[in-house]
Amino acid sequence: MAYQTIKTFYANKNIFLTGGSGFVGVSYIEKVLRSMPDVGDIFILLRPRKGQGIQERLDTIKNNSVFDVIKASEGSDVLLNKIKPVCGDISEEKLGLSDNDFSILCDHVNIVVHCAATLDFETDLKTAITINLMGTKRIVELSKQMKHLQCLLHVSSAYVNSNKNYAMEKIYDAPANYNDIINYALTMDTDKLNSSAEKIMGDHINTYTFTKALAEHVVNDAKNDIRTCIVRPSMIVASWKEPVEGWTVSKNGPQGFIMGASKGVVRRLPVNQSLIYDYIPVDVVINTIIAGTWFSAQLPKSTPTVDGQTPIFHCTTSTCNPFRWKDISSILTTTLHKYPIRGAVWYPNIKFLPNLFMYWISSAIFHFIPAYILDFVTKISGGRPILVRLHKNVNRSLSKLAPFIFNEWKFDNARTLRLQEELSVDDQSVFYIDPTSLNWTPYFINLTLGVRKYLHKESDKTMKQALKKDFFLFIANGGVQLSIVIGIWYLSSFITGTPMLANFWAAFIPIIFGYFF
């Protein structure tokens, strides 16, 4: 069938977006406004927070660095005024919408993009059900009442099938009956439900993958009533090309540990460098959401599905452009010193360890001892000590993240690559969704620069001072290392009562330990 171009399809369309304040949400808003200025209004679901109403939250969103490119162009106010806040909450009945807002959405919305979810892998089962599963069900129910709806796109996760080593772009059997699970959340005692989580989830890794898998079935069951589409990203990381190379406001995944490494506080990380880690840039995810909506909305009424299911698109790299840390580990520390930060507290040096046991040992030496020392200095200086607490939180989280760190998944994305081919030549350039040409080495250099600029808030003007500080920390780090070697050497000589030259072997103990750990 002959499709309209993406830009033509989106012209004058009104969009309802959940999760609009998150990493994916703000990226989606920016891309739609910048690339398709003829779009209608973008209604975003926002809930008030303590001391901040939805208008204040909208102002915060508009101040996000993602909009810097738009603000530098003419007509930016007109574009940003298309963002309309709607007061509500994904966890409440009828999304907590007022009767007036409910009517406006039902009368005017053409496209629904559901991004809202709890991404915390440590979330208890009750909370995950309420937000990820019941929230999706509420979105589907609202979408069915929209008079001019053309597509509901649900942002899921490739890891809904983390109980499979290889996953296709299809919906697998549900891990449970989602109506039963919702009923548990509504009727069971919260503590009893949460304590039964492992039994209820079966072979799913955590509450996130379990409830997101069930949410897909809620969307799929609506396929004959409304046009639906599901996009499954893997680990979403900084932008590849747009709005600028390396842009990010997310502290998850590689961005988080590079942020800590550049400050010199994260020095060891458990990583199997030979495994494939599936990372996908946020701009590719956004383009897939835009193109997936376009594709599904134009399916024939007689067959609004693909192979009898809601169209599924994997936004992944593991099968088309696999990434392994061993391919870039050698340039990572070099990059941290080429583009250091002025706010570093110690000389950056990141090392990957192949298992958690080695990491625990190394962390005790290279993380906690310096953390206790620096926190003590901070406390007596009148500051707020945070490093010990930070490393305790990291270590606690690692036990939850271990399955994702030391397992390898492959997600087939053949359908997504075919979708790229169905776009017009112009759309392929503007809404690129094929990551096969992504070169991981320059990408991670740009990601590191993005972490420096957008997470550490350090501009290029601070680079000269940062380089001077990095050199000073290099000297200090070398001095500390030399002191430790000499100290252990002297202590060995003192304990054994023999000359230091006779105990020269003791000097190699910290050197060997540092090499392996």
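Here are a few things to note about the model shown:
- Number of positions in the stretch 163-217 that are on the phi > 0 side of the Ramachandran plot and either polar (S, T, N, Q) or open to solvent by less than 20 Å² (accessible area, probe 1.4 Å) (or both): 0
- Residue, farthest from ASP89 (Cα to Cα), within the stretch 34-53, restricted to residues that are modelled with pLDDT under 95 and assigned to a strand (DSSP E or B): GLN52
- Filtered residues of the stretch 152-168 (kept if at pLDDT 95 or above and out of contact with any Phe, Trp or Tyr (no Cβ under 8 Å at 6 or more places or on another chain)): LEU152, LEU153, HIS154, VAL155, SER156, VAL160, MET168
- Failed condition for ASP283, given (1) under 20 Å from HIS337 (Cα atoms); (2) within 16 Å of the chain's Cα centre (by Cα); (3) charged (D, E, K, R): (1)
- Pick from the stretch 123-141, criterion open to solvent by 10 Å² or more (accessible area, probe 1.4 Å) and more than 19 Å from CYS229 (Cβ to Cβ), ranking: nearest to the chain's Cα centre (by Cα): THR123
- Number of positions in the stretch 235-260 that are within 15 Å of PRO435 (Cα to Cα) and open to solvent by 20 Å² or more (accessible area, probe 1.4 Å): 6
- Residue list for the stretch 293-312, filter: out of contact with any helix residue (DSSP H, G or I) (no Cβ under 6 Å at 6 or more places or on another chain), surrounded by 19 or more Cβ atoms within 10 Å (Cβ to Cβ) and β-branched (Val, Ile, Thr): THR293, ILE312
- Residues of the stretch 224-249 that turn out to be out of contact with any strand residue (DSSP E or B) (no Cβ under 7 Å at 6 or more places or on another chain) and farther than 27 Å from LEU467 by Cβ, as a count: 5
- LYS468 meets the conditions (1) at pLDDT 90 or above; (2) under 25 Å from THR288 (Cβ atoms) in every case but one. The failed one is (2).
- Just one residue in the set GLU93, GLU74 is in contact (Cβ under 8 Å) with a residue 24 or more places away in the chain and surrounded by fewer than 17 Cβ atoms within 10 Å (Cβ to Cβ); that residue is GLU93.
- Here LYS144 clears all of (1) of a type outside the set (Asp, Glu); (2) in contact with a strand residue (DSSP E or B) (Cβ under 8 Å, 6 or more places away or on another chain); (3) open to solvent by 50 Å² or more (accessible area, probe 1.4 Å) except the condition numbered (2).
- Qualifying residue in the stretch 335-348 (condition: farther than 30 Å from MET463 by Cβ and either open to solvent by less than 60 Å² (accessible area, probe 1.4 Å) or not in a helix (DSSP H, G or I) (or both)): no
- Test: residue in the stretch 53-69 that is surrounded by 23 or more Cβ atoms within 10 Å (Cβ to Cβ) and in contact (Cβ under 8 Å) with a residue 12 or more places away in the chain: yes
- Within the stretch 9-24, the set of residues being open to solvent by 10 Å² or more (accessible area, probe 1.4 Å) and either outside any helix (DSSP H, G or I) or within 17 Å of ARG47 (Cα to Cα) (or both) comprises ALA11, ASN12, LYS13, ASN14, GLY19, SER21, GLY22, PHE23.
- With respect to the conditions (1) aromatic (Phe, Trp, Tyr); (2) over 27 Å from the mean Cα position of the chain (by Cα); (3) not in a helix (DSSP H, G or I), TYR432 falls short on a single one, namely (2).
The values are calculated or read from the model by the stated rules, or taken from the named source; none is laboratory data. These numbers come from a predicted model, not from an experiment. Methodologically, a virtual Cβ is constructed for each residue, glycine included, from the backbone with ideal geometry; neighbour enumeration extends over all protein chains shown. Accessible surface is based on the protein model in full, side chains and every heavy atom, while ligands, DNA and RNA are left aside. Shrake-Rupley method; radii C 1.70, N 1.55, O 1.52, S 1.80 Å.
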